[in-house]
Amino acid sequence: MKKLHIFAALTIGSFEVSMSIYEVGPSGDMRLLNKVKQKVELGKDTLRLKKLSIEKTKRLIQELLKLKAMTEEYQVEEVLVYGATALREAKNQYFVLEQIKKETGWDVKVVNNPQQSFLIYKGVVSSPKFEEIAKDGAALLDASAGKLRVSIYHRGDLVLTQNVSLGSMQIREWMKRTGYSKKGQSGLIREMITYRFKELDAQFLENKKIQTLVLSGDLFTSRAGWKGKKGDLLSAEEFLKLCKKGEKLLEQNMALTEDADILLPSIIICEEFFKRMKAKQVWISGTDMNDGIAYDYATEKRYVDSSRDFNEAIYSEAVQTMKRYVADGSHNYYVEKACRTIFKGLAKEFGLSKREELILRIAAILHNCGAYITLAHAVRGSSYIVKRTELIGLSNKERKMVSEIIRYHKMNMDEFLDAIDGQGLSRKETTLIGKLTVILGIANTLDAAHRQKFESIKTNVKNDEFRITVNSLSEGVLEKQFMERYEEFFESMFGYKLILREKNQRFTTL
């Protein structure tokens, strides 16, 4: 029988530290027990100093100790502590994390932009209402103090996410440096953000049909005394009236309303983005990063059931990246399918995980997008694009792994060993990259002519041979020739001889 579980999710943000305490009952229902926020403006330090001052670090630890005492009162089983933009951008991040560990006993997981977006996404999709809203086209906007994040959904699937350095705290600090007058500052803020939205429009938002704008966080639920509540669905007219009311209230009481200089830019960002998207309605989800952290933890521990495959959301965005660079879709889909087939033939014996399969799939779908930059150095271009592209849900380490797999996938074993030497990777990391690299290389070779000659691809192991059986539409002379370079590489990685069999023909050892 399932028991009661109590855990906490805590986010160290640019403007505040927030903690939510959750309870999961025997039935698998998760409910919020308490939510607290403490104002600690870490972002001010990282914007000005590129680090956290000793004074601000001490203040942060003081607030964390208060929150720790609260977790003890609730008899929390586990505290999940995450660091967002301010900690991520602090040059002395590791020193601060060490101090937090020493004083609280907590290990802080600092996430990159795509991981942060993914956690917010998980918090939003955990709501039953999301499925209905997203199927007609939706945009999730997280206008936090540190960053602006936009995610686009089509037919319920995540198709695009983009981070913009346009947080409300950055706007505030910029305005202070310019010596702005508080009177009429809304117009100045609009002027400042207009050009950034134009860039976003041109690169990512053109021809996107959005029915609903989804807002995360508590900007329209608990700030500035407004009466909005979590779960509200507002018409365009209602939402714009709410924005105007908030702007007027904050401008009139700028000196009296706490945090008004942070709230006002956030409201204007939401309002202007809504107008540009030409959406019909706004859903105030009320969810935040803590909700995503909690949902992620509860599903991983199987306290809560989830039918949603979040890996597919990550893969879906990789597909959109491929389309953006006008890659050969037919070839890439074929190679990705071949990768999955070969991977599944090896995964159980060699302990390869679902996450590693996802990394391989992303490498396959993006392996030739560099041709958009240069045909002469397409592989290098593809590797560079992946390294510089923020893919939602992937850590920096995982994104680098995808980039490296693409970079090496046309190399034989000796070339691979020479290229990876001196990269500072552990034996485990080198071996994993080698395994995924040779799988991608073989899969790519199965469509060497970009004609998809082989209708079906199957694998099996017999004795000391790993056999790839294909149903051939035409003789694969080119494919056989190109695959020779991977024979030694594959056998070194997996211990099997690589065999390609064309149906109705005898086995050919490569």
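Tabulated values for the structure
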quantity	calculated
Filter result for THR341 (in the same structural domain as ILE457 (by TED's automatic domain parsing), β-branched (Val, Ile, Thr) and over 19 Å from the mean Cα position of the chain (by Cα))	yes
Near pairs, Cβ below 7 angstrom, 6+ apart or cross-chain, from the range 285-310 (surrounded by fewer than 21 Cβ atoms within 10 Å (Cβ to Cβ)) to any residue that is basic (Lys, Arg)	ASP296/LYS122; PHE310/LYS122
Subset of the range 47-71 [farther than 21 Å from ASP107 by Cα and either surrounded by 13 or more Cβ atoms within 10 Å (Cβ to Cβ) or aromatic (Phe, Trp, Tyr) (or both)]	LEU47, LEU49
Residues of the range 393-421 satisfying the condition of being touching a helix residue (DSSP H, G or I) at 6+ places or on another chain (Cβ under 8 Å) and not in a helix (DSSP H, G or I)	GLY393, LEU394, SER395, HIS409, LYS410, MET411, ASN412
Output for the range 150-160, where each listed residue is modelled with pLDDT of 80 or more and not small (Gly, Ala, Ser)	VAL150, ILE152, TYR153
Test: residue in the range 103-110 that is assigned by TED's automatic domain parsing to the domain that holds LEU10, more than 30 Å from VAL319 (Cβ to Cβ) and part of a helix (DSSP H, G or I)	yes
Test result for ARG340, at pLDDT 95 or above, in contact with a Cys (Cβ under 7 Å, 6 or more places away or on another chain) and either more than 14 Å from ARG407 (Cα to Cα) or of a type in the set (A, V, I, L, M, F, W, C) (or both)	no
Every residue from the range 280-297 that is among the acidic types (Asp, Glu) and over 13 Å from LEU32 (Cβ atoms)	ASP296
Evaluation of ALA318 against (1) assigned to a helix (DSSP H, G or I); (2) in contact with a strand residue (DSSP E or B) (Cβ under 6 Å, 6 or more places away or on another chain) (one fails), failing number	(2)
Condition check for GLU258: at pLDDT below 70, over 24 Å from the mean Cα position of the chain (by Cα) and not basic (Lys, Arg)	yes
Residue tally, condition assigned to a helix (DSSP H, G or I) and of a type in the set (Gly, Ala, Ser), over the range 48-72	1
For LYS245: the one exception among (1) farther than 21 Å from ARG149 by Cα; (2) among the charged types (D, E, K, R); (3) modelled with pLDDT under 75	(3)
Pairs where the first residue, in the range 314-333, is within 22 Å of GLY393 (Cα to Cα) and surrounded by fewer than 19 Cβ atoms within 10 Å (Cβ to Cβ) and the second is modelled with pLDDT under 95 and of a type in the set (Phe, Trp, Tyr), C-beta under 6 Å, 6+ apart	TYR325/TYR372
Unique residue being farther than 14 Å from VAL335 by Cα, of a type in the set (A, V, I, L, M) and in contact with a Lys or Arg (Cβ under 7 Å, 6 or more places away or on another chain) when the list is VAL402, VAL379	VAL379
VAL326 being in contact with a Phe, Trp or Tyr (Cβ under 7 Å, 6 or more places away or on another chain), modelled with pLDDT of 85 or more and part of a loop (DSSP other than H, G, I, E, B)	yes
The range 472-500, residues that are at pLDDT 95 or above and not in a helix (DSSP H, G or I)	GLY495, TYR496, LYS497, LEU498
Test: residue in the range 119-127 that is outside the structural domain of GLU317 (by TED's automatic domain parsing), of a type in the set (Lys, Arg), over 18 Å from PHE273 (Cβ atoms) and part of a loop (DSSP other than H, G, I, E, B)	no
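Residue-by-condition table, conditions (1) free of Cβ contacts under 8 Å to residues at least 40 places away in the same chain; (2) under 34 Å from the mean Cα position of the chain (by Cα):
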{"position": "PHE416", "(1), (2)": "no, yes"}
{"position": "LEU425", "(1), (2)": "yes, yes"}
{"position": "SER472", "(1), (2)": "yes, no"}
{"position": "MET483", "(1), (2)": "no, no"}
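The values are calculated or read from the model by the stated rules, or taken from the named source; none is laboratory data. Here the structure is a predicted model, which means the values were calculated and not measured. Backbone-built Cβ (ideal geometry, glycine too); neighbour counts: all protein chains shown.
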